[in-house]
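See structure below.
The values are calculated or read from the model by the stated rules, or taken from the named source; none is laboratory data. All values derive from a computational prediction rather than experimental measurement. Positions of Cβ are generated from backbone atoms using ideal geometry, with glycine treated the same way; all protein chains shown enter the neighbour counts.
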Amino acid sequence: MSTEKRRFETEVIHSGYDSKKYEGSLTPPLFQTSTYTFSHAAEGERRFAGDEEGYIYSRLGNPTVKVLEDRMSAIEGGEASLAFGSGMAAVSAVLFYLLKSGDHIVCSKGVYGCTFGLLEMMEEKFAITHEFADLSSEEAVKQSILPNTACIYVETPINPTMEIIDLEVVCRVANEMGIPVVVDNTFSSPYLQNPLKMGADFVLHSATKYIGGHGDVIGGLLVAKAAESITEIRMTTQKDIGGIMSPFDAWLLLRGLKTLAVRMDRHCDNAEKIAHYLKKHPFVRSIYFPGDIDHPSYAIAEKQMNRWGGLISFDFNGTKELAQAFMDELKLIKIAVSLGDAETLIQHPATMTHSVVPEATRQEMGISDTLLRLSVGLESWEDIKEDLDQAFSKIEESAAMKQES
Ligand SMILES: *Cc1c(COP(=O)(O)O)cnc(C)c1O
């Protein structure tokens with residue numbers, strides 16, 4: 001069977017691995033080694049000179065990690081990939097590769113909290129400036145680009161408001177102007193959207209989230225349209241800064257990836273039902289879910305994503321204290337940052353993931369003090385709904401009691 005014709009659900013299980021090369025081992029072996037022996041000095045010399053293929057030292061490459069990298073290239077549709085010790089190591093490696101002192105970055109209006117921190121640091125220390133730009137039309141994208149713009153960095157859906165950026169529009173303008181586009185695809189996972197196929201140059205993931213899927217690994221993955229850029233990043237920002245992935249984490253991520261398609265379908269099924277439930281609840285002022293027909297980005301999401309994803313944000317109809325009291329009443333749903341795990345998780349962006357963002361910027365990003373973000377897990381959706389329901393009821397009861405007294 002030609003590998004060209006294989007579908008996503010098959011690629012996440014098989015691509016990048018040939019058991020015949022590994023004693024028939026069904027599962028990719030774990031190469032838990034720091035270094036590799038050379039059979040003679042000349043072999044070492046050739047490998048260091050780049051005249052011969054082969055492993056040297058695990059900061060430069062590892063066979064288990066390579067299976068994961070090759071699998072990611074296949075499922076995102078890139079030429080090559082690189083694994084990192086965290087999503088942030090992937091973000092910083094690609095940005096430090098693309099940018100130099102004095103450059104400018106155009107960003108989506110809203111980025112992951114630590115990416116925001118990194119952008120601030122780059123500005124302060126290296127005079128690399130950034131702008132959170134309106135990217136809603138070709139005109140708007142063009143207007144945001146300065147003579148020193150060296151990269152467009154996009155998250156879509158945007159965390160936590162679920163606003164969607166039209167990747168085709170952004171990439172069309174950027175490709176014409178020769179500006180590389182980097183997309184943080186963590187929220188969608190490769191199952192729901194493939195930015196490289198829409199014209200992006202780099203796609204990255206916090207593998208900690210849907211790719212791992214079990215809340216037991218921190219990791220990052222970067223996939224590039226062009227293999228040469230990955231070779232360069234491997235030998236510069238990865239080799240010299242050193243944010244590499246451990247072989248064991250790559251092994252766990254390979255295991256997680258095998259079930260990505262089935263897990264994502266359940267995440268999406270559950271999220272659709274929970275979004276429907278939340279939207280009608282009197283304690284919910286508004287929901288932010290790409291699959292909500294009233295969501296401002298619904299049409300773009302429909303065009304660009306295969307399904308709506310497993311994340312829902314909602315504005316609690318009350319005070320910040322009441323929203324926090326609601327979180328405390330939840331029993332099944334756990335209070336935790338991160339997302340994409342089997343367990344349903346809830347967090348309060350203003351005081352947790354986005355607490356580093358100054359208040360004014362946070363308000364601009366649409367992150368109010370009553371916004372809550374739910375990562376819908378793989379449990380029975382009825383149990384998730386019943387947990388939300390009992391917590392809402394407790395808040396209602398305590399509000400009623402306060403009124404009486
Ligand atoms: C979690 C996350 C990151 C950072 O990844 P780590 O693995 O925690 O370093 C980056 N972007 C998005 C959208 C994330 O959710």
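Out of 66, 100, report the one residue that is assigned by TED's automatic domain parsing to the domain that holds residue 128, modelled with pLDDT of 95 or more and either within 16 Å of the ligand (Cβ to nearest atom) or assigned to a helix (DSSP H, G or I) (or both).
Residue meeting the stated conditions: 66.
Which pairs do you get when a residue that is within 11 Å of the ligand (Cβ to nearest atom) and in a loop (DSSP other than H, G, I, E, B), found in segment 180-209, comes within reach of a residue that is among the β-branched types (Val, Ile, Thr) and modelled with pLDDT of 95 or more, reach meaning Cβ atoms under 7 angstrom, with the pair 6+ apart or on two chains?
185/203; 207/217; 208/217; 208/218; 209/186
As an exercise: evaluate residue 212 against (1) within 25 Å of residue 31 (Cβ to Cβ); (2) under 18 Å from the mean Cα position of the chain (by Cα); (3) part of a helix (DSSP H, G or I) and give the number of the one condition it does not meet.
So the condition that residue 212 fails would be (3).
For (1) assigned to a loop (DSSP other than H, G, I, E, B); (2) free of Cβ contacts under 8 Å to residues at least 40 places away in the same chain; (3) of a type in the set (Ser, Thr, Tyr); (4) out of contact with any helix residue (DSSP H, G or I) (no Cβ under 8 Å at 6 or more places or on another chain), each residue gets a yes or a no:
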{"site": "339", "(1), (2), (3), (4)": "yes, no, no, yes"}
{"site": "355", "(1), (2), (3), (4)": "yes, no, yes, no"}
{"site": "362", "(1), (2), (3), (4)": "no, yes, no, yes"}
{"site": "373", "(1), (2), (3), (4)": "no, no, no, yes"}
{"site": "377", "(1), (2), (3), (4)": "yes, no, no, no"}
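Looking only at residues that are in a loop (DSSP other than H, G, I, E, B), hydroxyl-bearing (Ser, Thr, Tyr) and farther than 18 Å from residue 80 by Cβ in segment 36-57, which one is nearest to the chain's Cα centre (by Cα)?
36
Six or more apart or on different chains, Cβ atoms under 7 Å: show the pairs whose first residue is in segment 63-92 and on the phi > 0 side of the Ramachandran plot and whose second is in a helix (DSSP H, G or I) and more than 16 Å from the ligand (Cβ to nearest atom).
Partner pairs satisfying both residue conditions: 77/196; 77/197.
If a residue must be more than 10 Å from the ligand (Cβ to nearest atom) and touching a helix residue (DSSP H, G or I) at 6+ places or on another chain (Cβ under 7 Å), how many such residues does segment 69-93 contain?
Within segment 69-93, residues that are more than 10 Å from the ligand (Cβ to nearest atom) and touching a helix residue (DSSP H, G or I) at 6+ places or on another chain (Cβ under 7 Å) number 12.
Which count do you get for residues in segment 169-190 that are under 28 Å from residue 376 (Cα atoms) and either among the β-branched types (Val, Ile, Thr) or over 12 Å from the mean Cα position of the chain (by Cα) (or both)?
3
Determine the pairs where a residue that is under 21 Å from residue 245 (Cα atoms) and touching a residue at least 12 places away in the same chain (Cβ under 8 Å), located within segment 34-53, has a partner that is outside any loop (DSSP other than H, G, I, E, B) and of a type in the set (Ser, Thr, Tyr) with Cβ atoms under 8 Å apart, the partner being 6 or more residues away or on another chain.
Sorted first by the residue in segment 34-53, then by its partner, the pairs are 34/57; 35/57; 36/57.
Limited to segment 215-237, what total is found for residues that are within 19 Å of the chain's Cα centre (by Cα) and not charged (D, E, K, R)?
Number satisfying all stated conditions: 10.
Go through segment 379-405 and give me each residue that's farther than 25 Å from residue 332 by Cβ and part of a loop (DSSP other than H, G, I, E, B).
Answer for segment 379-405, where residues must be farther than 25 Å from residue 332 by Cβ and part of a loop (DSSP other than H, G, I, E, B): just 405.
Of the conditions (1) touching a helix residue (DSSP H, G or I) at 6+ places or on another chain (Cβ under 8 Å); (2) buried (at least 16 other Cβ atoms within 10 Å of the Cβ), residue 335 clears all except one; give me its number.
Looking at each condition in turn, residue 335 falls short on (2).
Out of curiosity, is residue 215 of a type in the set (Gly, Ala, Ser), in contact (Cβ under 8 Å) with a residue 40 or more places away in the chain, within 16 Å of the ligand (Cβ to nearest atom) and surrounded by fewer than 24 Cβ atoms within 10 Å (Cβ to Cβ)?
Taking the combined requirement at face value, the residue satisfies it.
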